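The values are calculated or read from the model by the stated rules, or taken from the named source; none is laboratory data. Just so it is clear, the model here is predicted, and its values are computed rather than measured. Here Cβ is always computed from backbone atoms with ideal geometry, including for glycine, and neighbour counts include all displayed protein chains.
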Amino acid sequence: MNIFSFSLIVYCIFSFWVLGLLMLFISKGNATLKNIGLISIIGGISLIVFNIIYLWIYLNRPPIRTLGETRLWYSFFLSTIGLIIYFRWKYIWILPLSLSFAGLFLLLDLVKPAIFDQTLMPALQSPWFIPHVIVYIIAYALLGITMLISIKGVFLLYKGKFNNDLLMMCDNIVYIAFSFLTMGLLFGALWAKNAWGSYWTWDPKETWAFITWMSYLLYIHYRNYHKTAVKIPLFILSLSFIILLLCWFGINYMAAAQNSVHVYSN
Amino acid sequence: MNNLFKNSPLRKKTWIFPWKYKESFVIAFGLLLIGFLLELFSNGGGFYSPTWPNNLIILLSLVVYIIFTHFFVTHPLIKWLGSIPAAISAIIVFTTLILLMGFIPQNKENSITIINKIGLNHITQSFPYVIISFYLLIILGYTITKRLYPINLKNFAFFMNHAGLWVVLATGSLGAGDIVRLIMPIQEKQTSKYAYDNNNKLFQLPFSIELIDFSIDEYPPNIILAGIADGKIIANKDKQKLPEIIQGKTIKMKDWIVYISKYYEMSYISDSSYYFSSDSGAVPSAYIIATNVFTNQIKEGWISCGNYKFQKNYLIIDNKVFIGMLEPPAKKFSSKIKIYTSDKIEKIYTIEVNKPIRVEGWEIYQSSYDSAMGRWSTISVFEIVKDSWYKAVYFGIVMLLIGSIMLFWHGKYR
């Protein structure tokens, strides 16, 4: 993906993360091993940061325009948020899940790199561009984590070991993610008003972003009313993430989205 | 959908208060059905937004009605309107409608006639959309009044999120009918106070615009190596970024080292050579020297991306590939204009994409230009918009932003 070897960086990140996870899992209370593991994971994340900064300087514009570039950010936030959740709630399983998910996106970038050029068309040259995309990527990364938790939830449900703490954790993450989702939506509306005089034109991406927003809204309201229900909230959470994925890259292939201003450039 | 909630612990006979999911969904989807039928009977004619002052009257009546009934009517129906089952039914039915919009191409005749007839190809201007939006506004309204007291931080965040959304939805959709959106094409050195609306109706503005100059700034053009047979760009393995043409630069492209010995941003051709010229219609050109790393074979010549006036020029380097130039991508469109207002004030502005100006309640946007002429276009097209409700919508957006920041800060459990 880069002028110098992006593949080398990805392999380094993978080795750091695999080493880190190994150390964490064999540490069994040994503080030194645990710290080496965590430092190794952070090392991998720093390499992503380095790569983003490098691209930013090299391309002479924020690297948030192509699908490949957004995947890079996604893997960064996914791994970082996974780490934060580990520190906050001490769930060790979140690390292999979020890191393998983040790794998958890096791998995709390696196999299918997007073509880069440094031009930024005039409509994208706006102070709203960076906040709009960044808050969305944070929201997507957080919601990706809730999807992973919901898979874990379904698994535990079948084994009869489900613990309601899991859904409470989802609630907290969904609340934070939902606030980012709302901000992304509003920044986009303010930007659109400034660019062509209307907040909302029901562009296909906007339509799907709105559907995504509504489905997480449904989750929040359903959870408030049915505090002990388990299956339906897990179902809504997974369904919402499928809608999110449709919104994120599914619309690039949809008939209804041929003229969208949001379709990623290749 | 009812199946989804059959495990609800609160099962009882239908239509006996308090109403729960069953009643909520019957009402919500019933309203949707009524909307489709209305649309069918009006032959897919659609619904047009009310205009001033009718939209204000509707808005105020809605607010007064909700507040009045909340405080003075104790019927369980009012309680139901502010309940979560009603809210969930409204969210689901509204999302269903928007989902249809996500799958069916909008504002386009659909090959299936019934889709056009019940308004599914113009959902935002259809009866079902209007009715469901109203249902959503009413339920959201009662949800807000229900949680006005006690005044505390949690209820304040609740208020900001719900009332903010209410203000945005209500003023955004009711105000839409008052938006005037005009197009003004204008030639350089000319002055005009006329613009056209969607139906090509002429409209006189309270001010006139003189276009002093329209210009396009461009990025340097890219140089490409491409196959003669298919015209496809051959990408360099290690470098995915297409190289830019800059005078004096040496570029490695596959088996060739390319030296750009001369680059003109603007030039004219004469006797198959290019010379610098800034006259109208000038085209970018470059003189390149390509050396094959294996055979030391040298090829040199002019390349140009061409424009409406001049042809493209390639350099064929062997029987399979050629070197060419891509048209430079636009960096900035800008129009320098002078505005003459009704009170005889003249002022000069520059309008760019993402940088509109506001004159006497109208916003002027850079919309388009004569794309065939490219940077030499002498025509600029402005979009001129009057949106009298924008302050109300912004107010709602700010409320929602405050609400979402509070949501982020507090989370659900502490």
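Right, B:Tyr349: touching a Phe, Trp or Tyr at 6+ places or on another chain (Cβ under 8 Å), in a strand (DSSP E or B) and not assigned by TED's automatic domain parsing to the domain that holds B:Cys305 or not? No, not satisfied.
Could you go through region B:229-237 and let me know if any residue there is modelled with pLDDT under 95 and outside any loop (DSSP other than H, G, I, E, B). If you could, list the steps in order and put the result at the bottom.
Initially, region B:229-237 is screened for residues modelled with pLDDT under 95, giving B:229-237.
Imposing the further condition that a residue be outside any loop (DSSP other than H, G, I, E, B) reduces the set to B:233.
Looking through region B:229-237, at least one residue is modelled with pLDDT under 95 and outside any loop (DSSP other than H, G, I, E, B).
Between B:Ala372, B:Ala330, which is within 30 Å of B:Trp302 (Cα to Cα), within 8 Å of another protein chain (Cβ to nearest Cβ) and in contact (Cβ under 8 Å) with a residue 24 or more places away in the chain?
On the way: B:Ala372 fails: within 8 Å of another protein chain (Cβ to nearest Cβ).
B:Ala330 is the lone residue from the list that is within 30 Å of B:Trp302 (Cα to Cα), within 8 Å of another protein chain (Cβ to nearest Cβ) and in contact (Cβ under 8 Å) with a residue 24 or more places away in the chain.
I'd like to check something: does region A:2-14 contain any residue that is more than 30 Å from B:Leu242 (Cα to Cα), more than 14 Å from chain B (Cβ to nearest Cβ) and not hydroxyl-bearing (Ser, Thr, Tyr)? Looking through region A:2-14, none of the residues is more than 30 Å from B:Leu242 (Cα to Cα), more than 14 Å from chain B (Cβ to nearest Cβ) and not hydroxyl-bearing (Ser, Thr, Tyr). Number of residues in region B:279-297 that are more than 41 Å from the chain's Cα centre (by Cα) and not in a strand (DSSP E or B): the value is 5. Of everything in region A:171-214 that is touching a Phe, Trp or Tyr at 6+ places or on another chain (Cβ under 7 Å) and among the small types (Gly, Ala, Ser), the residue that is nearest to B:Met399 (Cα to Cα) is A:Ser179. Within region B:213-228, if we keep just the residues that are in contact with a Pro (Cβ under 6 Å, 6 or more places away or on another chain) and assigned to a loop (DSSP other than H, G, I, E, B), the residue that is modelled with the highest pLDDT turns out to be B:Pro221.
May I ask you to say which residue of B:Lys189, B:Lys252, B:Lys193 is within 14 Å of chain A (Cβ to nearest Cβ) and surrounded by fewer than 16 Cβ atoms within 10 Å (Cβ to Cβ)? Reasoning before the result, please.
Working: B:Lys189 fails: within 14 Å of chain A (Cβ to nearest Cβ); B:Lys193 fails: within 14 Å of chain A (Cβ to nearest Cβ).
Within the list B:Lys189, B:Lys252, B:Lys193, the selection yields B:Lys252.
Which members of region B:333-357 meet the condition of being more than 11 Å from every other protein chain (Cβ to nearest Cβ) and not aliphatic (A, V, I, L, M)? Give the derivation first.
Taking region B:333-357 and keeping what is more than 11 Å from every other protein chain (Cβ to nearest Cβ), we get B:335-351, B:357.
Matches in region B:333-357: B:Ser335, B:Lys336, B:Lys338, B:Tyr340, B:Thr341, B:Ser342, B:Asp343, B:Lys344, B:Glu346, B:Lys347, B:Tyr349, B:Thr350.
If you go through region B:293-309 and keep only what is surrounded by fewer than 18 Cβ atoms within 10 Å (Cβ to Cβ) and either among the aromatic types (Phe, Trp, Tyr) or within 14 Å of another protein chain (Cβ to nearest Cβ) (or both), you end up with B:Phe294, B:Tyr308. When each of A:Ala189, A:Ala141, A:Ala195, A:Ala123 is tested for being farther than 30 Å from B:Met160 by Cβ, among the small types (Gly, Ala, Ser) and assigned to a helix (DSSP H, G or I), the lone residue that passes is A:Ala123.
Would you check which residues across region A:12-31 are over 21 Å from the mean Cα position of the chain (by Cα) and assigned to a helix (DSSP H, G or I) and list them? Working first, answer last.
First, the residues of region A:12-31 that are over 21 Å from the mean Cα position of the chain (by Cα): A:12, A:15, A:19-20, A:22-31.
Of everything in region A:12-31, those that are over 21 Å from the mean Cα position of the chain (by Cα) and assigned to a helix (DSSP H, G or I) turn out to be A:Cys12, A:Ser15, A:Leu19, A:Gly20, A:Leu22, A:Met23, A:Leu24, A:Phe25, A:Ile26, A:Ser27, A:Ala31.
Mind telling me which of the residues B:Trp362, B:Trp409 ends up being of a type in the set (Phe, Trp, Tyr), over 30 Å from A:Ser179 (Cβ atoms) and within 12 Å of chain A (Cβ to nearest Cβ)? Write out each step before concluding.
On the way: B:Trp409 fails: over 30 Å from A:Ser179 (Cβ atoms).
On inspection, the qualifying residue turns out to be B:Trp362.
For the criterion of being part of a helix (DSSP H, G or I), crowded, with 21+ Cβ neighbours inside 10 Å and within 9 Å of another protein chain (Cβ to nearest Cβ), A:Ile232 fails.
Can you pull out every residue in region A:201-210 that is within 7 Å of another protein chain (Cβ to nearest Cβ) and in a loop (DSSP other than H, G, I, E, B)? Passing the criteria: only A:Trp202. Residues in region B:368-386 that are surrounded by 19 or more Cβ atoms within 10 Å (Cβ to Cβ) and among the polar types (S, T, N, Q): B:Ser377, B:Ser380.
Condition check ((1) on the phi > 0 side of the Ramachandran plot; (2) not acidic (Asp, Glu)) across all residues:
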| site | (1), (2) |
| --- | --- |
| B:Tyr340 | no, yes |
| B:Lys344 | yes, yes |
| B:Lys347 | no, yes |
| B:Glu360 | yes, no |
| B:Trp389 | no, yes |
| B:Tyr394 | no, yes |
| B:Lys412 | no, yes |
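Checked against the criteria, B:Phe68 does not count as among the hydrophobic types (A, V, I, L, M, F, W, C), under 20 Å from B:Leu137 (Cα atoms) and in contact (Cβ under 8 Å) with a residue 24 or more places away in the chain. Within region A:19-29, identify whether any single residue is over 30 Å from A:His262 (Cα atoms), without any contact (Cβ under 8 Å) to a residue 60 or more places away in the chain, more than 14 Å from every other protein chain (Cβ to nearest Cβ) and basic (Lys, Arg), and answer yes or no. Yes, some residue in region A:19-29 is over 30 Å from A:His262 (Cα atoms), without any contact (Cβ under 8 Å) to a residue 60 or more places away in the chain, more than 14 Å from every other protein chain (Cβ to nearest Cβ) and basic (Lys, Arg). Selection of region B:384-404 for residues being in a helix (DSSP H, G or I) and within 7 Å of chain A (Cβ to nearest Cβ) yields B:Val393, B:Ile397, B:Leu400, B:Leu401, B:Ser404.
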